[in-house]
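Read the figures in this text as sums done on the coordinates, not as results from a lab. Note that the structure is predicted; figures quoted are calculated from it, not measured. Cβ coordinates were reconstructed from backbone atoms using ideal geometry, including for glycine residues, and neighbour counts include every protein chain displayed.
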Amino acid sequence: MEGIIFIGIQGSGKSQFYRERFFNSHVRISMDLLKTRNRERRLLEWCLELEQPFVIDNTNPTVDDRKRYIEPARAGGYRIIGYFFEVEIALVLKRNELRQGAEKVPKVGIFATRKRMQPPTLGEGFDELYIVKSGEDEHGFSVEKLSHIAIGSQL
């Protein structure tokens, strides 16, 4: 059983990465879809109860944000894998400008999330951590295991 937690500012490519890598194997848990923490909690509980692999597709900028998923998943016997999306702010802002309607995030929200971002560590309860980098069009992601690179070089 596997629980995956994405960590990254808005526009960093998290949802596209989910679609490319996990769409056919993991339940997507996202505040963008569920709208309330109660619904999110209930879907996570359902995944744990039915032993479904899942991906948390939110920004998850702080240790406490990630803890709400790590603790129950660990208690349920899940392996926890983190993916930290490292992307230049100029690219995030460019992608955000291409978004329509409610998908477009106010710039102040992007900068606020970036300011709050605490890079993940194995000490939080992750079994594995990866850095994800993407190109201009969000395709062609490169993924490197934490032990090979330093987190935070572009924060």
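Quick notes on this structure:
- Choice from Gly11, Gly123, Gly82 showing the highest fluctuation, given a GNM over the chain with Cα pairs closer than 10 Å: Gly123
- Sum of -39500 (n - 2.57) over DSSP H runs of 4+, divided by residues of the chain (222 nm, nearest 500): -11000 deg cm²/dmol
- Whole-number D in µm² s⁻¹ for region 2-148, Kirkwood Cα-pair radius fed into Stokes-Einstein, 4 °C, 1.567 mPa s: 83
- Relative contact order for the chain, counting Cα pairs under 8 Å that sit 6 or more residues apart, in percent: 31
- Cleavage-rule hits (GluC sites (Glu not before Pro)) in region 1-74: DSSP loop, at most 11 neighbouring Cβ within 10 angstrom: Glu51
- Beta bridge orientation in region 2-148: antiparallel %, DSSP, nearest 5: 20
- For the pair region 73-114 and region 13-58, the centres of their Cα atoms are 15 angstrom apart.
- Taking region 2-148 as the region of interest, the number of lysine pairs whose Cα atoms are within less than 17 Å, with members eight or more places apart or on different chains, is 10.
- Restriction of the trypsin sites (Lys or Arg not before Pro) in region 1-110 to DSSP coil positions whose beta-carbon has at most 16 other beta-carbons within 10 angstrom yields Lys35, Arg99, Lys104.
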